[in-house]
1. Any idea how many residues of the range 145-191 are under 19 Å from residue 115 (Cα atoms), in contact with a helix residue (DSSP H, G or I) (Cβ under 7 Å, 6 or more places away or on another chain) and at pLDDT 90 or above?
2. Inside the range 87-119, can you point out the residues that are surrounded by 13 or more Cβ atoms within 10 Å (Cβ to Cβ) and in a strand (DSSP E or B)?
3. If I filter the range 75-94 for residues that are closer than 30 Å to residue 167 by Cα, modelled with pLDDT under 90 and out of contact with any strand residue (DSSP E or B) (no Cβ under 6 Å at 6 or more places or on another chain), do I get at least one hit?
4. Mind listing whichever residues of the range 67-86 are part of a helix (DSSP H, G or I) and exposed (fewer than 14 other Cβ atoms within 10 Å of the Cβ)?
5. Answer yes or no: is there a residue in the range 48-63 that is more than 30 Å from residue 86 (Cα to Cα) and either in a helix (DSSP H, G or I) or within 24 Å of the chain's Cα centre (by Cα) (or both).
6. Going by the structure shown, is residue 194 at pLDDT below 90, closer than 29 Å to residue 66 by Cα and loosely packed, with under 10 Cβ neighbours inside 10 Å?
7. What number of residues in the range 69-88 are touching a residue at least 12 places away in the same chain (Cβ under 8 Å) and closer than 18 Å to residue 57 by Cα?
8. Test residue 35 against the stated conditions and say whether it is surrounded by 10 or more Cβ atoms within 10 Å (Cβ to Cβ), more than 20 Å from residue 190 (Cβ to Cβ) and either assigned by TED's automatic domain parsing to the domain that holds residue 163 or touching a residue at least 40 places away in the same chain (Cβ under 8 Å) (or both).
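The values are calculated or read from the model by the stated rules, or taken from the named source; none is laboratory data. Just so it is clear, the model here is predicted, and its values are computed rather than measured. Positions of Cβ are generated from backbone atoms using ideal geometry, with glycine treated the same way; all protein chains shown enter the neighbour counts.
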């Protein structure tokens, strides 16, 4: 591998506890080093975010738009790199949009997809109620009057898979309800074409 960067190894032996003069100067030096390191992290984090946004713009906007203009889905560049536009489908069912969320869950139930809905039951119990915790949620509600909370959700990757499969099979799915988006993205193959 070419020039792998490794984290530098620092020698802090000069800062080992040694009574004497100049201790606060050493403390000050360490604090200043830490502040400089924090500034460097902040700067590089900003640079990384900028670089990631640049890659995203090239992958998702500039290259797909240019390839569309050329009428191509795949090409080999003059430098031998292969570029291909792939479309991926994403879906979401945000809990904070409660009405849409409930309609989405209802649609899944009514269309035979209840199997992808997950539940998390939460029952507040006190000490010594471990045996009670093992009983079914209905028994907790009826026999003991405990307020049980039934959390219901669909894992985003599972919903995305279902939506992709239905779209690929030509089956109807309420795209607006599930926040369906199609993302076209350029992928460059590093292996050059000879």
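1. 7
2. 89, 90, 117
3. Yes, the range 75-94 contains a residue that is closer than 30 Å to residue 167 by Cα, modelled with pLDDT under 90 and out of contact with any strand residue (DSSP E or B) (no Cβ under 6 Å at 6 or more places or on another chain).
4. Within the range 67-86, 68, 69, 70 qualify.
5. No, there is no match, as no residue in the range 48-63 is more than 30 Å from residue 86 (Cα to Cα) and either in a helix (DSSP H, G or I) or within 24 Å of the chain's Cα centre (by Cα) (or both).
6. Yes, satisfied.
7. Going through the range 69-88 one residue at a time, the tally reaches 7.
8. Taking the combined requirement at face value, the residue does not satisfy it.
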